[in-house]
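J.: Let me begin by handing over the structure; questions about it come next.
The values are calculated or read from the model by the stated rules, or taken from the named source; none is laboratory data. This is a predicted model, so every value here is computed, not measured. Ideal geometry is used to build each Cβ from the backbone, glycine not excepted, and the neighbour counts take in all protein chains shown.
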Amino acid sequence: MLVLSRKVGQKIQIGRNITITILRVKKTSVKIGIEAPQDLRIVRNELLDTVPDGPTAGGSPSRQGASRKCPARTGKRLARRTH
């Protein structure tokens, strides 16, 4: 595992087409932004078992969940994608 220290506004580049930006840091959480191709599925690790693998109505799975709640058993929301 690669471990990096970053400050707000700094970025991490993964390959040629994935950029992670540190947006906000609080005491116990970090808010990040992810720029990636539209067809790349991005899911929080704790939701891997609850998000379907294939596309469903409303777009690709990597773009769903901006304002939709996840299944009731998690009680959490999917991350928002801005583009």
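J.: State the number of residues belonging to region 10-37 that are touching a residue at least 12 places away in the same chain (Cβ under 8 Å), more than 12 Å from the chain's Cα centre (by Cα) and not in a loop (DSSP other than H, G, I, E, B).
T.: 4
J.: OK, next. On the given criteria, is Leu40 assigned to a strand (DSSP E or B), at pLDDT 90 or above and exposed (fewer than 13 other Cβ atoms within 10 Å of the Cβ)?
T.: When the stated conditions are applied, Leu40 does not pass them.
J.: Then there is this: Is it true that Gly75 is at positive phi and modelled with pLDDT under 90?
T.: yes
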